[in-house]
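Q: Structure incoming, see below.
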Protein chains: 2
Amino acid sequence: MADARELIRDKRDGHAHAPAELEQFIARYMSGDVPDYQVSAWLMAAFLRGLDADETRALTLALLHSGRRFDWSDLGRPSADKHSTGGVGDKVSLPLAPLVAACGVMVPMVSGRGLGHTGGTLDKLEAIAGFTAELSKDQIRQQLRDIGAAIFAAGDLAPADRKIYALRDVTATTESLPLIASSVMSKKLAEGADALVLDTKVGRGAFLKTEAESRELARTMVELGTAHGVATRALLTDMDRPLGRAVGNAVEVAESLDVLAGGGPDDVVELTLALAREMLDAAGVDGIDPADTLADGTAMDRFRDLVSAQGGDLSQPLPIGAHSETVTAPRGGVMGDVDAMAVGLAVWRLGAGRSTPGGRVQFGAGVRIHRGPGEPVAAGEPLFTLYTDTPERFGGAIAELDGGWSVGDHPPPVRPLIIDRITS
Amino acid sequence: MADARELIRDKRDGHAHAPAELEQFIARYMSGDVPDYQVSAWLMAAFLRGLDADETRALTLALLHSGRRFDWSDLGRPSADKHSTGGVGDKVSLPLAPLVAACGVMVPMVSGRGLGHTGGTLDKLEAIAGFTAELSKDQIRQQLRDIGAAIFAAGDLAPADRKIYALRDVTATTESLPLIASSVMSKKLAEGADALVLDTKVGRGAFLKTEAESRELARTMVELGTAHGVATRALLTDMDRPLGRAVGNAVEVAESLDVLAGGGPDDVVELTLALAREMLDAAGVDGIDPADTLADGTAMDRFRDLVSAQGGDLSQPLPIGAHSETVTAPRGGVMGDVDAMAVGLAVWRLGAGRSTPGGRVQFGAGVRIHRGPGEPVAAGEPLFTLYTDTPERFGGAIAELDGGWSVGDHPPPVRPLIIDRITS
């Protein structure tokens, strides 16, 4: 094959790669023939020059082929999964996986840890004492058979993606549409679900800032999934505002339990049900309303079974931060908009996120939002409670929050949570 | 300072860096805090987004400050140096340094090894048995005092440049105007000459292909030198055709000896004298015609002294390749144009250049050109002789040469060797 340097030069000059070139480049990276510094130069060239649809497909396959691919077809039930492009307060996977499992569709859910201002599903679940996401293939199979759902780390699925993702993080090459799409889809194709629903975030708290970019990302991922035999569709959803009233790790588990108990914030419930309906539909299951399954406690039972199967103990109290600080209303009126990015960064400052891959997160760090956009506010009443185990972090977090919210005289415009639906 | 990732992101997004940011980035690279893979991502971003004049100046200083800077002012004589941006058959440094020294101007010449299709001055000189370019500061001082010239490897001058140059080579980020300018000028500012003349190549065999780019590079380097107190000027010279009749390592030393003996190809003599006059003028020396110094053998004596001081033995035969192959004229007529790039690549294929930094070169590999553009040619007479120690390389070399020359009925257009002169 061409020297890695020639591949980098081609992309630098805006030329398209042949599929076999990308396949060999990734294989040689994994074998140690191509070093990090050549891959990072290529990543920057790809970031700035772009990858076309064929290249994105080839890169996805190259990442997929770096590891194993699961197959659950022998279990005799349909399977489906969901992926979110990452949002502030997005704990939907926690109620969604058991809910869909309770409706008869298996959910083999590869999940990640967070980096930057959005948390990862695994960081949230690991706030539960004893919970582990490091499952063997046999454990996953057992859980899918017994409970219908498993939430696990990628392990040996798409190992090249993990290596490249870590490199993208430290070389400012994360926010690239084809790099995001191939990263997500390589893992999701590897996990072996029949159907996939993408929750593609739009707005201030999303990775891609414009609706046009998010729409393009959704379309690219739907095409990639469909081309590989996975029934894929996407919802474009709002991420200008945080999702729900809790952002962080343990506080989001608590809110998820509220949703599974039939309560919880309206937006979290609405999105959970919409995604559940898409997953059931994409998996070819009809005649079941997930709202009933949520209301009658079946989904909660499945969640408890899942946590218990993965070593977690929900009888122990959630480790919400030992220290708290409250931001109160400077005047009475109506709560204005709440900026998802400001809240995400505040929570990150409190210790809930990591700034380097593999770093530790504080399970207790988080923010509770007491008044949502448009709700009446009395002067002096609590608007936000911040939690952390390291109180010296309050100053920085409150500074991030500052300017990200307001109290005024009129409610902010109402926006739909679900903006659009994209199918192949 | 900002995280390296933020610096990369800024350049990725087309923002300009503050001088202190670049200084710290390079310092942290040298201390090991910033790894290769972050620098290579930054290099690609800088390649594609560019660096403005202030950033180029700051980068030059950052590279300069990574090592020592020589000062020869106590030796009581003016000093000057020349730098070529790299050409095929460009052996001018070999006769030029002793010639200028013989005219009374000291030449402390930092030189490099070649990479790709253009050879390096040190690779040529090292074809002389025993020659070494690894000189200590004291050895350089001694030679400048005794002989007036020393040609040496960068050693501890601008070590950051050496590290970054090696990284640029393997990440396809070499052909960038600000990166070239800062690399060249950091070493040339460090060597401590009072004056500097740049031979900026234009044409097929040059690194930058268009005259506009070469002109811009020359202007940038003249500004950088002038801003740092070095009297700097540039000649734009033709590199569509190879310079002289010998391209390679040992064969170029042989041609240099011809020039020093008062013979040699007209173009090599013309360029050597033009650059010598510029160096003398920039160093403030007038009333001496270097043509006389070349004709009367003084320059040859200085060359022999220099080689001898640096351990070389000119009494031993030059190691011209043991195997040769001749390309003959397919018809009679007039020699057409000879493409510098084709000849450069043929010589590289014969083993004269390296494809990885630190690789070994064949001193014997080279090409002799028997008929120059416009000269009459008889059918069957030799046009090129190729030399190598590894005869299996002839096939690839002849293939590179193919299409790079022709025999026709009319001479090709005459072009001036010296295209323009650029001063501050």
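The values are calculated or read from the model by the stated rules, or taken from the named source; none is laboratory data. These numbers were taken from a predicted model, which means no experiment stands behind them. All Cβ positions, glycine included, derive from the backbone under ideal geometry; neighbour counts span all protein chains shown. Just so you know, the surface numbers come from the protein's heavy atoms only, side chains and all, with ligands and any DNA or RNA stripped out. Shrake-Rupley method; radii C 1.70, N 1.55, O 1.52, S 1.80 Å.
Q: Within segment B:55-78, does at least one residue satisfy the condition of being open to solvent by less than 50 Å² (accessible area, probe 1.4 Å), touching a His at 6+ places or on another chain (Cβ under 9 Å) and within 14 Å of chain A (Cβ to nearest Cβ)?
A: No - not one qualifying residue is present in segment B:55-78.
Q: Kindly indicate whether A:R331 is in contact with a Lys or Arg (Cβ under 8 Å, 6 or more places away or on another chain), among the charged types (D, E, K, R), closer than 30 Å to A:G408 by Cβ and open to solvent by 70 Å² or more (accessible area, probe 1.4 Å).
A: Judged against the criteria, A:R331 is not a match.
Q: Check whether at least one residue in segment A:99-110 is within 14 Å of chain B (Cβ to nearest Cβ), part of a loop (DSSP other than H, G, I, E, B) and open to solvent by 10 Å² or more (accessible area, probe 1.4 Å), and report yes or no.
A: no
Q: Pick from segment B:21-43 the residues that are at the interface with chain A (Cβ under 9 Å from one of its Cβ atoms), touching a residue at least 24 places away in the same chain (Cβ under 8 Å) and more than 16 Å from B:A181 (Cα to Cα): which of them is farthest from the chain's Cα centre (by Cα)?
A: B:Q38
Q: If you take the residues in segment B:124-180 that are within 14 Å of chain A (Cβ to nearest Cβ) and either among the polar types (S, T, N, Q) or assigned to a loop (DSSP other than H, G, I, E, B) (or both), which one is most open to solvent (accessible area, probe 1.4 Å)?
A: B:E175
Q: Checking the condition crowded, with 24+ Cβ neighbours inside 10 Å and over 20 Å from A:G114 (Cβ atoms), which residue from A:A218, A:A261, A:A274, A:A231 passes?
A: When all the criteria are applied, what remains is A:A218.
Q: Would you check which residues across segment A:189-218 are among the charged types (D, E, K, R) and within 21 Å of A:M109 (Cα to Cα) and list them?
A: Scanning segment A:189-218 gives A:E191, A:D194, A:D199, A:K201.
Q: Pairs please, first residue from segment A:298-319 and in contact (Cβ under 8 Å) with a residue 24 or more places away in the chain, second anywhere and surrounded by fewer than 14 Cβ atoms within 10 Å (Cβ to Cβ) and among the acidic types (D, E), Cβ atoms under 9 Å, 6+ apart in sequence or on different chains.
A: A:T298/A:D292; A:D305/A:D146; A:V307/A:D313; A:A309/A:D146
Q: Give segment A:283-305 a look and list any residue that's in a helix (DSSP H, G or I), open to solvent by 20 Å² or more (accessible area, probe 1.4 Å) and hydrophobic (A, V, I, L, M, F, W, C), or say none.
A: Within segment A:283-305, A:A291, A:A295, A:M300 qualify.
Q: For segment A:1-20, which residues satisfy the criterion of being away from chain B (no Cβ under 14 Å) and under 32 Å from the mean Cα position of the chain (by Cα)?
A: A:A16, A:A18, A:P19, A:A20
Q: Further, regarding this structure: So, in segment B:35-54, of the ones that are farther than 30 Å from A:I164 by Cα and assigned to a helix (DSSP H, G or I), which residue ends up most open to solvent (accessible area, probe 1.4 Å)?
A: Across segment B:35-54, the extreme among qualifying residues is B:D54.
Q: Quickly run through segment A:44-54 and pick out the residues that are on the phi < 0 side of the Ramachandran plot, within 14 Å of chain B (Cβ to nearest Cβ) and over 23 Å from the mean Cα position of the chain (by Cα).
A: Listed by number, the residues that qualify are A:M44, A:A45, A:A46, A:L48, A:R49.
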